[in-house]
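**Q** The following block contains the structure, expressed as structure tokens.
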Amino acid sequence: MARIILAEDDELIGQIVVDRFFEAGHAVGWLKDGKEALDAMLFRAPDLAILDQNMPTMSGNLVLRQMRSSEELVMVPVLMLTAVAGESDQKIAYYDGADDYVTKPFDPDHLLLRAENLLEGKIRRTSGEIVPD
């Protein structure tokens, strides 16, 4: 069982992710604001962070940058889950320190597989390499 922080402001997407990860035995803390997610992670580092790029108060990219400059969170794997699908946006996310990038719409089982690969240390893509879903 992993402790996961999900930063997602869309109710439907958030519930789908929480339900699928809970079924797989993971604990998910779902926050609808980037700043709240960052504060929660600084209080207690998760095993994985799943960040949407477009959120109130603080974007997923800003949260990611703060994580990578924080001694407590620098090694936490980050999966971006976003509707922003442009190649340049993906490159920016990888440059900022994202480990994986999944675009919406998404298959919940595929998202779970990608997240569990990160949790097991099977992938860490911080080189800026674009890898298709």
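Nothing in this text is a laboratory measurement; each read-out follows from the coordinates by a stated rule. These numbers come from a predicted model, not from an experiment. Please note: Cβ atoms are built from the backbone with ideal geometry, for glycine as well, and neighbour counts cover all protein chains shown.
**Q** Select from GLY97, ALA115, TRP30 the residue farthest towards the positive end of the dipole of the stretch 3-119; place +1 on Cβ of Lys and Arg, -1 on Cβ of Asp and Glu, and compute about the Cα centre.
**A** Of the listed residues, the answer is GLY97.
**Q** Now a separate question. Putting +1 on Lys and Arg Cβ atoms and -1 on Asp and Glu Cβ atoms, find which of ALA40, LEU62, LEU73 reaches farthest to the positive end of the dipole of the chain.
**A** Checked the options; the winner is LEU73.
**Q** For the stretch 7-133, divide the Cα radius of gyration by the Kirkwood radius and give the resulting Rg/Rh value with two decimals.
**A** Rounded to two decimals, Rg/Rh equals 0.91.
**Q** May I ask for the net charge around GLY29, where only other residues with Cβ less than 12 Å from the Cβ of GLY29 are counted and Lys, Arg are +1 while Asp, Glu are -1?
**A** Values: positive: ARG3, LYS32, ARG44; negative: GLU8, GLU36, ASP39, ASP47.
Once positives and negatives cancel, what remains is -1.
**Q** A further question follows. How high is the relative contact order of the chain, in percent, counting Cα pairs under 8 Å that sit 6 or more residues apart?
**A** Numbers: 235 pairs, mean separation 29.5, N = 133.
Reported relative contact order: 22 percent.
**Q** Evaluate the charge dipole of the stretch 3-119 about its Cα centre and quote only its size in Debye, nearest 20, assuming +1 on the Cβ of each Lys and Arg and -1 on the Cβ of each Asp and Glu.
**A** On the way: 10 positive and 21 negative charges, 49 e Å.
About 240 debye.
**Q** Continuing with this model, one more query. Report, ordered by chain and residue number, the aspartates and glutamates lying within cross-link reach of LYS91, taken as a straight Cα distance under 16 Å and ignoring same-chain residues fewer than 8 apart.
**A** ASP52, ASP99, ASP100, GLU129, ASP133
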